[in-house]
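Structure, as structure tokens:
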Amino acid sequence: MTEVSGLVVEDLVVEVHGTPAVKGISFELGRGSRMGLIGESGCGKSLTALALMGLLPHGVTASGRVLLGGRNLLDLSDREMCAVRGNDIAMVFQEPMTALNPLMRVGNQIAESLRLHRGMSRAAAAARAVELIERVQLPEPDRTARRYPHQLSGGQRQRVVLAIALACDPAVLVADEPTTALDVTVQAEMLRLMDTLVREEGASLLLITHDLPVVASICEELLVMYGGTIVEHGDVATVFDSPRHPYTAGLKASTVLERTDGNSRLATIPGRVPALGAFPGGCVYRNRCPRADDACRTVPLLTAPPGSRRRAACHHPIESDQSLESGKASA
Ligand SMILES: Nc1ncnc2c1ncn2[C@@H]1O[C@H](COP(=O)(O)OP(=O)(O)OP(=O)(O)O)[C@@H](O)[C@H]1O
């Protein structure tokens, strides 16, 4: 592994066409630690992950500082970031099919990363790729290496993505909903595998999810994001036991401790998950916007601090309390 310590994020702002979607978040991911980033759909989790990776789409910009190995990744050129991505910080995406090249054998896709970052010969990289396929517990590693993504199951593809991500022993692994696209039966296996490998590599993990039980099973620390800001940060047990933000309290209320065969684990009660934008204090106020339209539904809206009177609601200016109230009434 490259000698880099943890990841430090300072006042990260991500703007979508000039509108802040991530509004100045800060956190530190210590070396070898595992942190969950949880929050409702649209709160800015993926944009945060993409900003860390230098992979923001066109029209989306990041400012602030993302420090890794003494460098601010946001200051790096595309070329410099290419050398960092996959080598020092790597990512597992939600949908493995879009992360893989459909026209390339999976062994070659793993080997490509080793050739690029480690300068390995073709033969050495191919041999290492087979070892990595074995490491992510795929059957018949030699044969699997010669397969194309469409010849593998979703769970197997995600294992290949994990093999690529870990190929160069990155200091930080960012996993954005790594199991959401998988069959329920393979989700737990995938999480266990990721947990084990990250632990063995001594890498830090930022695990993005909607699912509190998933975070509780793998992470020590928890960040809760809401409306583009971090509303809670602490060790998982403390945040879970004493949630301070109503969204976290709602998440807690939607989980139950299941006991089977002497083992106990948290599980989500689907019907009780907090509704989107349900809580004040750092939230998507689209239901209050007097001119709610499709744009309102896709861009997270500006908020005032928790407890204050919510004047700044979204990119549609609110002219008066009257219009705020009428927006609420018409929502
Ligand atoms: N390329 C883009 N163009 C315009 N808006 C975008 C773009 N990417 C994200 N957004 C908006 O930014 C906000 C944050 O998106 P983001 O993908 O980070 O949410 P998320 O918390 O990861 O949600 P989910 O859990 O559903 O993936 C959303 O309102 C989203 O619609």
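Charge tally around Leu103: other residues with Cβ under 15 Å, Lys/Arg +1 each, Asp/Glu -1 each, net +3.
Highest mean packing comes first when the peptides 19-29, 63-73 are listed by Cβ atoms within 10 Å, giving 19-29, 63-73.
Each value in this text was obtained by applying a stated rule to the coordinates, not by laboratory testing. Because the structure is a prediction, the values reported are computed rather than measured. Positions of Cβ are backbone-derived with ideal geometry, glycine not excepted, and every protein chain shown enters the neighbour counts.
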